[in-house]
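To keep things clear, I will list the structure first and then write my remarks on it.
The values are calculated or read from the model by the stated rules, or taken from the named source; none is laboratory data. Owing to the predicted nature of the structure, the values given are computational and were not obtained by experimental measurement. Here the Cβ positions follow ideal geometry from the backbone for every residue, glycine too, while neighbour counts run over all protein chains shown.
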Amino acid sequence: MNTSERPALDLYKLVVVHYLVSALCFVGLAVMLMITAGNLTGHYFHPQILAVTHMAALGWGTLIVFGAIYQLLPVILETELYSYKLGWLSLGLFIPGLTLLVCSFWHFQPGLLMQCGSILLLSGITLFGLNVFLTAKQNRDDIHQEFIITACIWLMATALLGALLVFNFRYAFLQKDHLLFLKLHAHMGLAGWFLILITGVSSKLIPMFLVSKVQKNSLLTWSYYLMNAGLLLFITDTYFFGLNLKSYVAAVIVFAGIVCWMLFLSRCFRSRIRKTIDLPMSHSVLSFVMLGAAIIILPVIIFNAVKADQKAVDYTTLYGTLLLMGWISSLILGQTFKTLPYIVWTRHYQHLTGSAITPMPADLFNHKILRAQFILFLFFTVMFYAGLFYKSVVWIVAGLVCIFMVAILYFINVIAVLLHSPSIKK
Amino acid sequence: MPPVNIREISIRSRVMEVLRQVIDPELGINIVDMGLIYSVQIDEDAREIHVSLTLSTKGCPMGAAISGGVENTLKLHFADYSQTVSIVWEPAWSPQFISENGQKQLER
């Protein structure tokens, strides 16, 4: 092997293993959801729901994002990843940590195994963050870089609070209600990690995929400050006073940040040269619709929580599942087939461009399977959320059967891309 | 005014023609129609070809594939010349640089 190929191969292995484990977690998540379907109409603070939520947020959502960032960050910053060993070590701590945490949540045994799981996860996440910071240490004054780094800080804070909550089960040292901290933990993860990260990465990739006319970054800068300011306000105010009327203000500030991001994306969309919207991009569009639905529900939750109405709990389940299974899942289900084929294509064909006829990255996945996946995801969306809204277990289960099939199809297609055998015409 | 070198003009147009074989892997259209090639300089005496190109955005994930593709193509078709490829950012690429042919392909 040429020594110059070594870093590329190291990066390739690190990235695709993250994609693969994440796809496996998605199948596991779908199975767990079907088993615990009956509990989805009850209180969200249920052992199996906690297990499912962590499987979705960490195993499915976060692992694939780690892989994507390892691939994307060096490209954006025109540098190499600081350390591949750190990346592997992070993954090596993350996977057993996740397994221990999810299993001990599922059987609700808040003892040593859950504590070990939380510490392993925190360590894995911290090493990931360290790798990102050291890769980006030569600051390039790039707004996308700011989004990624800030999101990593939020993720580490989320994991730290999560670990504290785990220890609080046994030692009860936190001075306030456990559910209050759970709200903070959840929003640090959902808004601090996922929302800020997705905003940064999507505003880099979507204009490139659509070939949009260059957009000014001022909207993104506004979005960055509004999202972070709103979230900080929410965390501090909720910590001291619980959910109250000021929570609306925090929600409105974050919402204003989302509006700036959406305005940026819609300008990119309207000025795009590439007219065709392919299936992966359709999945992304659907994901933004789900995000919009979740945002509409948020004031309803605050309204009912302030009144101490039980409906706040029901709407919280709907809100959480719209974000995790709707917004984040739909985005991943589509963007995987924008990013993974490119990663595999680069490995097999990049050195051959111009000297041989190579397939395109989009030729590496099965389009029929992706179409079936998209249609099944639409069925899942309609049946599952209708089931949650009307508290119908039958519709919830029907939706979950669809998401299980989505997970299987997704896994098959990911494997198809990873096992692609190069074919070259001279 | 420097004398017109017919041979250099001829080679430059051949270079542009072969560079049409380099396809942007994400968009599926060639980099000449994409407007990514900013200049082709030929030095007949030094037997040298220099291509300046840009990318649609800084940090484009396809950057290495595109610049590598240009090098491979030049090596394949102009083996008796040495080749250099540089990536430039001024002026910043704009979709207005896409040729009519390229626009038609993207609108499909």
**Request:** Kindly indicate whether any position in region A:223-231 is part of a helix (DSSP H, G or I) and at pLDDT below 95.
**Result:** no
**Request:** Considering each residue of region B:35-87, count those that are aliphatic (A, V, I, L, M) and more than 24 Å from A:L77 (Cβ to Cβ), and give that number.
**Result:** 9
**Prompt:** Within the bounds of region A:296-315, is there any residue that is closer than 24 Å to A:C25 by Cα and touching a residue at least 24 places away in the same chain (Cβ under 8 Å)?
**Reply:** no
**Message:** Cβ contacts < 6 Å: first residue at positive phi and among the charged types (D, E, K, R), restricted to region A:152-165; second residue buried (at least 21 other Cβ atoms within 10 Å of the Cβ) and not in a helix (DSSP H, G or I), any location; separation 6+ or different chain. Result?
**Reply:** none
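Need a quick list: helices (runs of 4 or more DSSP H) entirely within region A:277-373 having at least 2 residues that are within 26 Å of A:H18 (Cβ to Cβ) and within 14 Å of chain B (Cβ to nearest Cβ).
Once the helices (runs of 4 or more DSSP H) in region A:277-373 are filtered for at least 2 residues that are within 26 Å of A:H18 (Cβ to Cβ) and within 14 Å of chain B (Cβ to nearest Cβ), what remains is A:279-306, A:329-349.
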**Fill in**
Checked A:K176, A:K204, A:K183 against criteria (touching a residue at least 12 places away in the same chain (Cβ under 8 Å), of a type outside the set (G, A, S) and not in a helix (DSSP H, G or I)); the one match is A:K176
**Prompt:** Looking only at region A:347-372, which residues are free of Cβ contacts under 8 Å to residues at least 24 places away in the same chain and within 28 Å of the chain's Cα centre (by Cα)?
**Reply:** A:M360, A:P361, A:D363, A:K368
**Message:** Being touching a residue at least 40 places away in the same chain (Cβ under 8 Å) and within 26 Å of A:S212 (Cβ to Cβ): is that true of B:L19 here?
**Reply:** yes
**Fill in**
Apart from one, (1) buried (at least 18 other Cβ atoms within 10 Å of the Cβ); (2) not in a helix (DSSP H, G or I) all hold for A:S423; the odd one out is (1)
**Complete:** Across region A:165-211, the tally of residues that are away from chain B (no Cβ under 14 Å), closer than 30 Å to B:T57 by Cα and of a type in the set (A, V, I, L, M, F, W, C) stands at 8
**Message:** Here's a check for you: in region A:215-237, which residue that is touching a Phe, Trp or Tyr at 6+ places or on another chain (Cβ under 9 Å) and of a type in the set (A, V, I, L, M) is farthest from B:W93 (Cα to Cα)?
**Reply:** A:L231
**Asked** Among all residue pairs at least 6 apart or on different chains, which show Cβ distances below 6 Å where the first residue, located in region A:39-55, is within 18 Å of A:F169 (Cα to Cα) and the second is of a type in the set (S, T, Y) and part of a helix (DSSP H, G or I)?
**Response** A:Y44/A:T316; A:Y44/A:T317
**Request:** Please work out if A:F128 is surrounded by fewer than 16 Cβ atoms within 10 Å (Cβ to Cβ) and in contact (Cβ under 8 Å) with a residue 60 or more places away in the chain.
**Result:** no
**Complete:** When restricted to B:S94, B:S13, B:S82, the only residue of a type outside the set (F, W, Y) and closer than 29 Å to A:I69 by Cβ is B:S94
